Amino acid sequence: MIVIPVIDLSNGFAVHARYGQRDTYQRLRSPLCDDGDVPSLVRNLSERFGFLLCYFADLDAISGRGDNRALIEQALGEHPAMQAWVDAGFRNAAGVEQFRGDWRARPVVGTESWQATHPPPRDSVLSIDSLKGRYCDPAGLTQAAPEDLPQDLILMNLDRVGSASGPDLSLLQRWQSQAPGHRCYLAGGVRNARDLEQCAAAGASGVLVASALHDGSLRANDVQRIT
């Protein structure tokens, strides 16, 4: 199982995501991040934890208010070994193709943003977004045949983001049954090393984490032991 750090971006800064209430997010301040500074955050995640992959949620692109691509490119440029998954609010295949280029970013398609009638490209990552107990899925991707979906699925429970309420293992079980053979990554609520162990035991391919890294609940040796 792999652990993937999450970086939420808004107006050129890293912000602290909680409960999916994006209008309330504030600049991230922690031992890993000085007042929302993204390059220093990526540097700390790389040097202190040894991460080689980060997940970026570009909240401006998701909400249609611009984007933070240049900032992501800058941060990655300082760390040649670092890879990135990026959710930039892709609405259709044309948007995904426009995003691609000569940089090390893999597109993440969020069900909350996708508007096309056809599924996203198979080589993308699909984020299955839920809030208040319901899927955020206007295009109905959660009802598509598993073979039509990308192989990598992020199970994003927005209610649990920043909540320290524990991972949604029932959501993992649901998608393991619905899409057997797919790789499932849990996102939202992971608190500590025990949660990592439970996710691994339940068969998760990976977990996405943020708050537990910044408050010190997850340490470098916790991450390295599980991966």
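The values are calculated or read from the model by the stated rules, or taken from the named source; none is laboratory data. Just so you know, these numbers come straight off a predicted model, no measurement behind them. In this analysis, Cβ positions are derived from the backbone assuming ideal geometry, glycine residues included, and neighbour counts consider all displayed protein chains.
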Please work out which residue is surrounded by the fewest Cβ atoms within 10 Å (Cβ to Cβ), limiting yourself to the stretch 168-190 and to residues that are in contact (Cβ under 8 Å) with a residue 40 or more places away in the chain and within 14 Å of the chain's Cα centre (by Cα). 185
Here are some conditions: (1) surrounded by 17 or more Cβ atoms within 10 Å (Cβ to Cβ); (2) at pLDDT 95 or above. Residue 197 meets all but one. Which one does it not meet? (1)
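Let's see how each residue does on (1) within 19 Å of residue 217 (Cβ to Cβ); (2) assigned to a loop (DSSP other than H, G, I, E, B); (3) among the aliphatic types (A, V, I, L, M); (4) in contact (Cβ under 8 Å) with a residue 12 or more places away in the chain:
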position	(1), (2), (3), (4)
36	no, yes, no, yes
42	no, no, yes, yes
57	no, no, yes, yes
60	no, no, no, yes
Pairs please, first residue from the stretch 104-122 and free of Cβ contacts under 8 Å to residues at least 24 places away in the same chain, second anywhere and among the acidic types (Asp, Glu), Cβ atoms under 6 Å, 6+ apart in sequence or on different chains. none
Which condition breaks for residue 4 when tested against (1) aliphatic (A, V, I, L, M); (2) at pLDDT below 95; (3) under 25 Å from residue 128 (Cα atoms)? (2)
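Restricting to the stretch 145-155, what's the tally of residues that are touching a His at 6+ places or on another chain (Cβ under 9 Å) and either over 24 Å from residue 92 (Cβ atoms) or not in a helix (DSSP H, G or I) (or both)?
The total comes to 5.
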Candidates 76, 32, filtered to the one that is in contact with a helix residue (DSSP H, G or I) (Cβ under 9 Å, 6 or more places away or on another chain) and within 21 Å of residue 99 (Cβ to Cβ): 76
